[in-house]
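As structure tokens, the structure follows; a few thoughts come after it.
The values are calculated or read from the model by the stated rules, or taken from the named source; none is laboratory data. Everything numeric here is computed off the predicted structure, so don't read it as measured data. Glycine gets a Cβ as well: all are built from the backbone with ideal geometry, and neighbour counts include every protein chain shown. Each accessible area value is taken on the protein alone, full model and side chains, heavy atoms only, with ligands, DNA and RNA left out. Shrake-Rupley method; radii C 1.70, N 1.55, O 1.52, S 1.80 Å.
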Amino acid sequence: MGAALQDDQFDAVIVGAGFAGLYMLHTLREHGFTARAFEVAGDVGGTWYWNRYPGARCDVESLEYSYSFSPELEQEWEWTERYAGQPEILRYAQHVADRFDLRRDIRFDTRVQSAVFDDATTGWTITTRDHDGNERATHSQFLIMAVGCLSSTNLPEFPGRDSFAGASYHTGTWPHEGVDFTGKRVAVIGTGSSAVQSIPVMAEQAAHLTVFQRTATYTVPAHNRPLGPDEVAEVKANYRALRAANRQMSGGFGAWFPRGDGSAAEADPAERDADFEARWNVGGFTYLGGYSDFLLNAASNETAAEFVRHKIAATVHDPETAALLMPSHVIGCKRLCFDSGYYETFNRPNVSLVDVSRQPIEEITPTGVRVGGVDYEVDDIVYATGFDAMTGSLLKINARGPAVSLQEAWEAGPRTYLGLAVHGLPNMFTISGPGSPSVLTNMITSIEQHVEWIGECLIQLRARGLRRIEATEAAQDAWVDYVNMVADMTLFPTCNSWYLGANVPGKTRVFMPLPGFPPYAEQCAAVAANDYEGFALA
Ligand code: NA7
């Protein structure tokens, strides 16, 4: 491994050039492996390349949502806002690609269609298709899936969807040139994070905005603001310590938030409300940091949920609209949203809310959206309907091991060992795959841990002259049971979230991520230290 090879033969092929693919490529090159990355988009950035909808912004603070592997990089890059917007995060990804000279090993506008493992050569043959329709085969010993957890859009099959005569957009594949809604009647379908961020911005432009809501959303003010030079300097002076502390946090970030422990249900109600109020005024994930049992104890959870409902009642003038906006599920069981004026937007005369929880959208007509026999006539439709999360992009690639394809292996839902490997698909790794903390964390913390683990694994295999690694079925079965057991200790499985695949009709209902980053990272390290326990090496 590592010797100069032909242009169609590499130690590793990486699928995707978002934050996972970029760091994987850099790491492999640093360790002397040859690698090629394929990216369907025209540039780096992954999620942040595609999600260009108005108001798109990260929900983890920019000083934390950034790579930690290069102290020089983290010192030189200047974040301008508390929560970086999509354009700034994309510029950061582009800067990383240039700074580490990564582009020369990435083929853009190229989709990986299939990957077939051959036991005779102990390697993968990867078939790609470029922009011009040219197909090409590339060979590699390892296949590393860095395809992202929120990269396969979910566009519901509403009857008549294609008959709509106006323009339709999905927040996850937004036009690069932007969209001008001035003077337009616009429908927004969905009220997840993308909708919560974009609705206030679109409402300022549109003649009328009609929001179709299936499940009401909990959202906390982001209180986004420009970063001051002093706070940036303080973080930069202590970056190593902050990164290390974040790796000890359940979500891989937030070590700097003031945190409480104990049970919210047992706290003094006046003190608890004062704590909620203070955290509401700070904004973001801080809101659920006052007590440690919000996702373990339904009574505690209800205290935080009820506080948000009071805020909605106090903010939204029309009582009927306010009631519709009040969620009833467990708070935090779908990823909490952060907004800049979301609930306030429903006080505007040009915004209306349509409940589609009991009466679903019947059809899309040439002129708009029909619900319960009522036609809502619009010029444009915005689908803020989310993603076939975590497994969608993996399953779009036809990956085939010696005896089984990924589709067959996951017919009854995703099964992995450590969220990193799949029995039946040797020499394949999944970065932030199902069964790892991934979307329950600061994604960059999780990505770095996975990339570093995979890099070290490949070094060990090379040093020992081994060519093949595969998760055993027994280790995978035990891991799946473990993930389910941990999830069942929490309130996460109680609501219809995309963590469970519940947003995509027909998708198997399995809780996909694993709560708790630090114990997970320790388990991965222990597996490696224990001669890759649970993997068959050959
Ligand atoms: P989400 O959070 O999955 O939101 C999608 C929204 O679309 C959500 O409100 C869904 O309602 C709604 N939806 C989906 N299908 C339908 C149909 N058929 N009819 C009506 N409404 C529908 O995706 P986002 O892009 O907002 O955010 C994804 C993540 O990105 C987010 O969690 C952050 O981590 C960043 P539902 O709730 O399923 O009833």
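Residues that are of a type in the set (S, T, N, Q) and away from the ligand (no atom under 16 Å from the Cβ) were ranked within the range 286-336; the one that is nearest to Ala274 (Cα to Cα) is Thr303.
Counting the residues of the range 4-33 that are open to solvent by less than 40 Å² (accessible area, probe 1.4 Å) and touching a residue at least 40 places away in the same chain (Cβ under 8 Å) gives 20. Applying the condition of being open to solvent by 10 Å² or more (accessible area, probe 1.4 Å) and over 13 Å from Tyr383 (Cα atoms) to the range 188-205 and asking which residue is nearest to the chain's Cα centre (by Cα) yields Gln197.
Any chance you could count how many residues in the range 201-222 are among the polar types (S, T, N, Q), within 14 Å of the ligand (Cβ to nearest atom) and outside any strand (DSSP E or B)? Give the steps one after another, and end with the answer.
Taking the range 201-222 first, the residues among the polar types (S, T, N, Q) are 205, 210, 213, 215, 217, 219.
With within 14 Å of the ligand (Cβ to nearest atom) added as a condition, the list becomes 210, 213, 215, 217, 219.
Add one more test, that the residue is outside any strand (DSSP E or B), and what stays is 215, 217.
Here the count works out to 2.
Filtered by the rule that a residue be open to solvent by 40 Å² or more (accessible area, probe 1.4 Å) and more than 10 Å from the ligand (Cβ to nearest atom), the range 494-516 gives Thr494, Gly506, Lys507, Thr508, Arg509.
Looking only at residues of the range 34-48 that are open to solvent by 10 Å² or more (accessible area, probe 1.4 Å) and more than 21 Å from Gly172 (Cβ to Cβ), we find that the one that is nearest to the chain's Cα centre (by Cα) is Arg36. Among the residues in the range 380-394, are any open to solvent by 10 Å² or more (accessible area, probe 1.4 Å), in contact (Cβ under 8 Å) with a residue 40 or more places away in the chain, over 19 Å from the mean Cα position of the chain (by Cα) and away from the ligand (no atom under 16 Å from the Cβ)? Checked against the condition, which is being open to solvent by 10 Å² or more (accessible area, probe 1.4 Å), in contact (Cβ under 8 Å) with a residue 40 or more places away in the chain, over 19 Å from the mean Cα position of the chain (by Cα) and away from the ligand (no atom under 16 Å from the Cβ), the range 380-394 yields no hits at all. Whenever a residue of the range 181-194 is near the ligand (Cβ under 6 Å from one of its atoms), its partners that are in a helix (DSSP H, G or I), lying with C-beta atoms within less than 7 angstrom and at least six residues away or across chains, give the pairs Ser194/Thr171.
Residues that are part of a strand (DSSP E or B), of a type in the set (Val, Ile, Thr) and either within 16 Å of Val211 (Cβ to Cβ) or not assigned by TED's automatic domain parsing to the domain that holds Phe212 (or both) within the range 335-365 comprise Val351, Val354, Ile361, Ile364, listed in sequence order.
Close contacts from the range 34-48, counting a first residue that is more than 18 Å from Met390 (Cβ to Cβ) and a second that is part of a loop (DSSP other than H, G, I, E, B) and among the acidic types (Asp, Glu), with Cβ to Cβ under 7 Å and a gap of 6+ residues or different chains, come to Gly42/Asp109. Taking the range 248-287 as the range and being under 15 Å from Ile331 (Cβ atoms) and either in the same structural domain as Leu440 (by TED's automatic domain parsing) or among the aliphatic types (A, V, I, L, M) (or both) as the test, the residues that pass are Ala264, Ala265.
For the range 225-234, which positions are touching an Asp or Glu at 6+ places or on another chain (Cβ under 9 Å) and either within 15 Å of the ligand (Cβ to nearest atom) or not in a loop (DSSP other than H, G, I, E, B) (or both)? Before you say what the answer is, go through the steps one by one.
So in the range 225-234, the residues touching an Asp or Glu at 6+ places or on another chain (Cβ under 9 Å) come out as 225-227, 232.
Correct list: Pro226, Val232.
For Val374, the conditions (1) hydrophobic (A, V, I, L, M, F, W, C); (2) in contact with a helix residue (DSSP H, G or I) (Cβ under 9 Å, 6 or more places away or on another chain); (3) within 16 Å of the ligand (Cβ to nearest atom); (4) open to solvent by 10 Å² or more (accessible area, probe 1.4 Å) are fulfilled apart from (2).
Within the range 402-423, can you find the residues that are open to solvent by less than 10 Å² (accessible area, probe 1.4 Å) and closer than 15 Å to Ile469 by Cβ? Listed by number, the residues that qualify are Thr416, Leu418, Leu420, Ala421, Val422.
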